[in-house]
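A short write-up of the structure that comes next.
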Amino acid sequence: MAKRKEEEVKKGLDEWMGTYGDMVTLLLCFFVLLFAMSSIDAAKFEQIAASFSSANRITITESASTSILDALGNGIVSMPMVQGDAQEENEELEEATEELVKMSSDFKTYFAENNLQDKVEVEQNEQSITLSFKDGILFDSGKADLKQEALGALNIVANELAKYPENDVKIEGHADNRPINTPRFPNNWYLSAARAISVAMYFTNTKGFSPERISAEGFGEFRPKVPNDTPENRSINRRVEIKILSKYFSGENNQMNS
């Protein structure tokens, strides 16, 4: 009689158990990461804790499961920190706008009281107000030395500007597209920059403004307000602009390009 072949017994776990264990481990790591990235609300955490019975058994109710999903969702979907940053930026922008609106109104009133409204144009944008001196007010053609009669206008501007010590000031020189080539100014860049520096030096040396809040730039003919196609338009493009930054954007003077 043939002997019955003994059935070989495999040692260890079944092969499928290894795959299953790996999957469970990956899921555990995934939910641990979700939990670590979330922002837990204390009240919701108490609701979750209350769902565990004192009899060493787990009773997950519908409301508890919803609380768990909400707690996890706070950090992944809602992104409260990002929303908070955006809200803070919006509030700063609103405050800056209110500040600039008031500043613009004050300068216009002040210029009107001192008969300067026809010589200086006041404009406002999101980060600054711009005081634009019309051509011929501050400098003679082709020169960068302040005219004697220009000092009175700059003095009026400086007196009002002194009321805003927290606001940085950026002075820009602009020219038309007619070329210039003199021993002192080989091109319009040199001329526009020299004019901006002359105004900056007046504020710092004569009026005592801190040099830390003053900057000067020359843009030559490369940022015209209107096309350089008529004498009138070229006159508009020959200008010096004093930009007063909102105090919410001051400190970024060297980072601004316009």
Check your understanding: Can we say Ser215 is in contact with a His (Cβ under 6 Å, 6 or more places away or on another chain) and modelled with pLDDT of 95 or more?
Key -> no
Check your understanding: Could you list, in sequence order, the residues of the stretch 100-113 that are surrounded by fewer than 16 Cβ atoms within 10 Å (Cβ to Cβ), over 23 Å from the mean Cα position of the chain (by Cα) and not charged (D, E, K, R)?
Key -> Ser105, Thr109, Ala112
Exercise for review: List the number of the failed condition for Ala96; all other conditions in (1) aliphatic (A, V, I, L, M); (2) at pLDDT below 95; (3) not in a helix (DSSP H, G or I) hold.
Suggested key: (3)
**Study point:** the stretch 123-133: number of residues that are assigned to a loop (DSSP other than H, G, I, E, B) and in contact (Cβ under 8 Å) with a residue 40 or more places away in the chain
**Key:** 1
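Examine the stretch 177-198 for a residue that is small (Gly, Ala, Ser), in a loop (DSSP other than H, G, I, E, B) and either assigned by TED's automatic domain parsing to the domain that holds Glu241 or under 14 Å from Glu221 (Cβ atoms) (or both), and state whether such a residue exists.
So in the stretch 177-198, the residues small (Gly, Ala, Ser) come out as 192-194, 196, 198.
Retained after the next criterion (residues that are in a loop (DSSP other than H, G, I, E, B)): none.
Taking every residue of the stretch 177-198 in turn, none turns out to be small (Gly, Ala, Ser), in a loop (DSSP other than H, G, I, E, B) and either assigned by TED's automatic domain parsing to the domain that holds Glu241 or under 14 Å from Glu221 (Cβ atoms) (or both).
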Exercise for review: Please find, within the stretch 195-225, the residue that is surrounded by the most Cβ atoms within 10 Å (Cβ to Cβ) out of those that are among the aliphatic types (A, V, I, L, M) and within 12 Å of Val240 (Cα to Cα).
Suggested key: Val199
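For the structure I just gave you, tell me whether Glu212 is in contact with a helix residue (DSSP H, G or I) (Cβ under 7 Å, 6 or more places away or on another chain) and in the same structural domain as Ile137 (by TED's automatic domain parsing). Even if it seems obvious, please write down each step before you answer.
Numbers: in contact with a helix residue (DSSP H, G or I) (Cβ under 7 Å, 6 or more places away or on another chain): no; in the same structural domain as Ile137 (by TED's automatic domain parsing): yes.
Against the criterion (in contact with a helix residue (DSSP H, G or I) (Cβ under 7 Å, 6 or more places away or on another chain) and in the same structural domain as Ile137 (by TED's automatic domain parsing)), Glu212 does not qualify.
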Check your understanding: Within the group Gly152, Gly173, Gly136, which residue is assigned to a loop (DSSP other than H, G, I, E, B), out of contact with any Pro (no Cβ under 9 Å at 6 or more places or on another chain) and either free of Cβ contacts under 8 Å to residues at least 60 places away in the same chain or of a type outside the set (Phe, Trp, Tyr) (or both)?
Key -> Gly136
Review point. Which condition breaks for Arg178 when tested against (1) within 23 Å of Asp229 (Cα to Cα); (2) in contact with a Pro (Cβ under 9 Å, 6 or more places away or on another chain)?
Key: (2)
Practice item. Of the conditions (1) surrounded by fewer than 19 Cβ atoms within 10 Å (Cβ to Cβ); (2) of a type outside the set (Asp, Glu); (3) at pLDDT below 95, Asn228 clears all except one; give me its number. Key: (3)
**Study point:** Asn167 being surrounded by 15 or more Cβ atoms within 10 Å (Cβ to Cβ), more than 26 Å from Phe107 (Cβ to Cβ) and at pLDDT 95 or above
**Key:** no
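The values are calculated or read from the model by the stated rules, or taken from the named source; none is laboratory data. Predicted model only: the values in this text are computed from it and were never measured. Cβ sites come from the backbone with ideal geometry, for glycine too, and all protein chains shown count toward neighbours.
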